[in-house]
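Beneath this line is the structure, given in structure tokens, with notes to follow.
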Amino acid sequence: MIRNVFNSIIGLTLILGLFSSCGNKPKNTKAEQDYQRAARYFYADESFSPILNEALNVFSYNAPLDTLEAQYTDEQEAFKKLMALDTWLIFTSRDLTAKERQNLKDRSYIPRTIPIAYDGLALIVNNQNPDTCITVRDFKRILKGEISTWKELYPSSKLGTIDVVFDNPLSSTVRWCVDSLLGGQEIKAPNVGAVKTSAAVIDYVEKHAGSLGIIGSNWLNDSRDTTNVTFKKNITVMGVSRLDSASSANSWKPYQYYLYNGNYPLLRTIYALLNEPRSGLPSNFAHFVRLPKGQLIIQKSGLLPIQAATNVREIYVNYKDQ
């Protein structure tokens, strides 16, 4: 009898011990606090905010108990946050350098690069500007300061100085132009400036006839157009040509199809750079945008997804009856 009671007590103790151990939470150490603080936010270049906001809304709807917030800034600041371990996830238009990657590895981290999409660097002008085609060569010459007026490009132009405007002096658009177009040389255009956001670039170009704005193409799509074949009506998107002379026949705009077939020359890759030491919320979101549902969101936004299937259909328009 005594032995049965003793066995019952031991069994009850073991069961209670199991339940209590299952409910254990991570210890509230400084390391855990630092992890949780960095896991609350991801950082991204502001030019990618439209597509990332859409993806985050869908992701958060499917995971209502989890909280992940976006912090939009310039590209340089996003990298600083990642290297300082203030965040585990950033979205940028460049990969980690070998030095940055080694720095993280030396601190026992395993950084991962996840390409998620392609977008086009869009050149936009005021609706009063009749000249809407430009060559890559001439765009480079503008950035180098070799061309400073519209008349130098288009002899019949009545516009004056080319007023170049970027979204942010430290943004991915500026860095991409310097690295990919100018071979690392600084921009020397005499009339170049930067506002704070991509939306402010569009607003500036709309109000200034001689302006030339440079923004990410995901800011251009008209939300009323579900086919992603029209751009915002308050500005004009330039066609860009690889040839030495631009015309409507050899110049292309950053439509999704022209990103897909390689016609549009100012193409860049969007990356998710992940350094999370465990599989938490930042990792889940980074992989979500690469999975089919996230890639479909990217596709519907007008950008080119990395791996979603893209259907191309030829359409013939008969103008005879018009």
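Read the figures in this text as sums done on the coordinates, not as results from a lab. The model shown is predicted, which means the values in this text are computed figures rather than measured ones. As a convention, Cβ positions derive from the backbone with ideal geometry for all residues, glycine included, and neighbour counts pool all protein chains shown.
Extending 7 Å from Cα along the Cβ direction at Ala209 and again at Thr149 yields two label points whose distance is 1.5 nm. Listed by chain and number, the aspartates and glutamates placed with their C-alpha closer than 13 angstrom to that of Lys293 are Glu54; residues fewer than eight positions away on the same chain are left out. Spatially close Lys pairs in region 121-278, defined by Cα atoms under 15 Å apart and a spacing of eight or more places or different chains, total 6. Quick check: from the Cα gyration tensor, does region 45-139 come out rounded (a/c under 1.5), prolate or oblate? Taking the square roots of the gyration eigenvalues as a ≥ b ≥ c, region 45-139 is oblate. Using Cβ point charges alone (K and R +1, D and E -1), the dipole size of region 25-141 about the Cα centre works out to roughly 600 debye.
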